[in-house]
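Everything below concerns the one structure shown next.
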C-alpha cells in the first residue's frame, strides 16, 4: 500500500494504541478518543485502523468476540480469553517453537508452490477473571 498522509486523527489513534497493552477494539478506542477529538466518528476509527494495519504500523488481531488491535508490531504471541474476549501478550519464551513452526510451514509451502515468511500464534483459554471460581452464596453452598 502506498504511504498515505498522516492526519491528526490517525496520529491520535496511533499514539493511543501504542500506549495501551490491552488490545482494544475499535469501539473502545473510539470511546477513549472521543473526548480528545470531538469530530472523530467510529467510522473514522475503523478506516484509520485499516490503513495503519495495511501499512504494518499496528497489528489487527482476530479475537474470540471481535477484531482487536495491537500497537506492538514486534513478533509476539497472544492469549485470548474464550469467555470475555480479552487478549494478553505472552512472554517471548516461545521463540524456538515459532522457529520450528515456521521451518515446517516453509518446507510445506515450498513443496506446494507457496511462501511462508511469518508466524502468528493465538492461544485460547480463560483469563484470570473468567477462570476464577464464582464466589459461593448461601443459595449455592
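Diffusion coefficient of the chain by Stokes-Einstein, Kirkwood radius over Cα pairs, 37 °C, 0.692 mPa s: 188 µm²/s.
Spin-label model, residue 112/residue 35: points 7 Å from Cα along the beta carbon direction are separated by 5.0 nm.
When Rg and the Kirkwood radius Rh are both evaluated on Cα atoms of the range 1-73, their ratio Rg/Rh stands at 0.93. Listing 25, 137 from fewest to most neighbouring C-beta atoms within 10 Å gives 137, 25. Rounded to the nearest 0.05, the FRET efficiency derived from the C-beta distance between residue 28 and residue 134 at R0 = 22 Å is 0.30.
Taking 0.36 nm per residue of separation and subtracting the Cα-Cα distance, what length does fully extending residue 73 through residue 20 add?
Here the answer is 17.8 nm.
Sorting 104-117, 29-42 by their mean Cβ neighbour count within 10 Å, with the most densely packed peptide first, gives 29-42, 104-117.
Distance between the modelled labels on residue 6 and residue 97, one decimal in nanometres: 3.6 nm (7 Å Cα→Cβ projection).
Using the Cα coordinates of the range 62-121, the gyration tensor eigenvalues translate into equivalent-ellipsoid semi-axes of 26, 14, 10 Å, sorted from longest to shortest. Note on the chain: antiparallel DSSP beta bridges, both residues inside, total approximately 65 percent of the bridges counted.
The numbers here are math on the coordinates, done by the rules we state, and not lab data. The structure presented is a predicted model; accordingly, all values stated were derived computationally and were not measured. Note: ideal-geometry Cβ built from the backbone for every residue, glycine included; neighbour counts use all protein chains shown.
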